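The values are calculated or read from the model by the stated rules, or taken from the named source; none is laboratory data. For clarity, every value in this text was computed on a predicted model and none was experimentally measured. Backbone-built Cβ (ideal geometry, glycine too); neighbour counts: all protein chains shown.
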Amino acid sequence: MVTTDIETVKEVSLPATAKVRAYVALLKPRLSFLVAFSAAFGYLLASSGASLQWVSFLGVCLGGFLVSGASIIINQIIEKDLDKLMGRTQGRPLPLGKISVQEAKLYTWIVGASGLLLLGATTNALTTGLALLSMVLYGFIYTPLKRVGPVAVFIGAIPGALPPLLGWVAVTNQVTYEALAIFFLQFLWQFPHFWAIAWVLDQDYRKAGFKLLPSAQGRNMHTAFQMMLYTFFLIPMSWLPAFIGTTGLTSALVASACGLLFMWPSLRLMRLCVDNPTTLEASAEAKRIMFGSFIYLPVVQIAFLMDKL
């Protein structure tokens, strides 16, 4: 029935406004905005105390948004047939035939090249090169590895953690230990973030053959323990920027408090896994970890910035 509906949609000619909405949806604007936000955070943190270079700053934000959007489109092109199998992705433009693969490929070239050219024109070669690396890692390495095993999460965490480093490098034109500190904080954050999503969407992911959870058995104590462990690591890591003088004590305390709140549902998830990890209560805790990850990162980044004012 699903296949029939999809084939029917492919035969329908979309009006111009619907086509534009489909192209916008391909970019996943909310996710790409979060990438731009992290890049802006890195830029502002690096330029603290100096006058803001607006052209460069806006170039980083918009360029980061476009490169992220291109990476996401590559992911959707490769996974077009797999997206048809999962309930949460069946309504995307490519599975529904609102946009053809050929149109999506051309769109990727335009969006990706525009983002890289913008970064090249407003920042420096190192920032542009790192953005290109991020797009390649996410689109062409992380995406196919999702069906291989949890190593995909490690690979995916690299482009996921690059945006704040890109912002910093756009100002300094070098990868400093301060830049690495904010990179590794976001790198560690990726693991409970990815795994919480994979736990919540486990049934959908299994339909597509995705293997992102750290345990081969999926939702169990081992997975819950790994999620708790990485949320715990975020607490000492959040002190590193203060230790090296990038930020101050106030933001370190705020980040620690956020880390403890972020870790709490992972401890509850471990307790539930003692009895039955597939219960609705366990899924609810995993969902809290997922939403907690969405809140943790921007709050900590804003705290770091406020500490530099």
If a residue must be surrounded by 22 or more Cβ atoms within 10 Å (Cβ to Cβ) and over 20 Å from Gln217 (Cβ atoms), how many such residues does the stretch 264-291 contain?
1
Do we have Ala198 as outside the structural domain of Ile78 (by TED's automatic domain parsing), over 21 Å from Phe291 (Cα atoms) and not polar (S, T, N, Q) here?
no
Of the listed residues (Met227, Met263), the one being within 19 Å of the chain's Cα centre (by Cα) and of a type outside the set (Gly, Ala, Ser) is Met227
For Ala161: the one exception among (1) in contact with a Ser or Thr (Cβ under 8 Å, 6 or more places away or on another chain); (2) under 18 Å from Ile302 (Cβ atoms)
(1)
Going through Val153, Val171 one at a time, which residue ends up being under 16 Å from the mean Cα position of the chain (by Cα) and either of a type outside the set (Lys, Arg) or farther than 19 Å from Gly63 by Cβ (or both)?
Val153
Verdict on Leu234 being of a type in the set (A, V, I, L, M, F, W, C), surrounded by 19 or more Cβ atoms within 10 Å (Cβ to Cβ) and part of a helix (DSSP H, G or I):
yes
Can you find even one residue in the stretch 70-83 that is buried (at least 19 other Cβ atoms within 10 Å of the Cβ) and of a type in the set (Ser, Thr, Tyr)?
yes
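Would a scan of the stretch 113-134 turn up a residue that is buried (at least 23 other Cβ atoms within 10 Å of the Cβ), of a type outside the set (Asp, Glu), over 24 Å from Pro236 (Cβ atoms) and in contact with a Pro (Cβ under 8 Å, 6 or more places away or on another chain)?
yes
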Spot the failing condition for Ser71; the list is (1) among the polar types (S, T, N, Q); (2) modelled with pLDDT under 95; (3) within 21 Å of the chain's Cα centre (by Cα), and only one is missed.
(2)
Condition (residue is touching a Pro at 6+ places or on another chain (Cβ under 9 Å) and of a type in the set (Gly, Ala, Ser)) applied to the stretch 218-227: is it met by at least one residue?
yes
Report the residue count in the stretch 184-214 for those that are under 14 Å from Gly42 (Cβ atoms) and surrounded by fewer than 21 Cβ atoms within 10 Å (Cβ to Cβ).
2
Filter the stretch 79-107 for residues that are more than 18 Å from the chain's Cα centre (by Cα) and β-branched (Val, Ile, Thr); which is farthest from Tyr142 (Cα to Cα)?
Ile99
Find the residue count for the stretch 91-108, including only residues that are touching a residue at least 12 places away in the same chain (Cβ under 8 Å) and either part of a helix (DSSP H, G or I) or surrounded by fewer than 18 Cβ atoms within 10 Å (Cβ to Cβ) (or both).
9
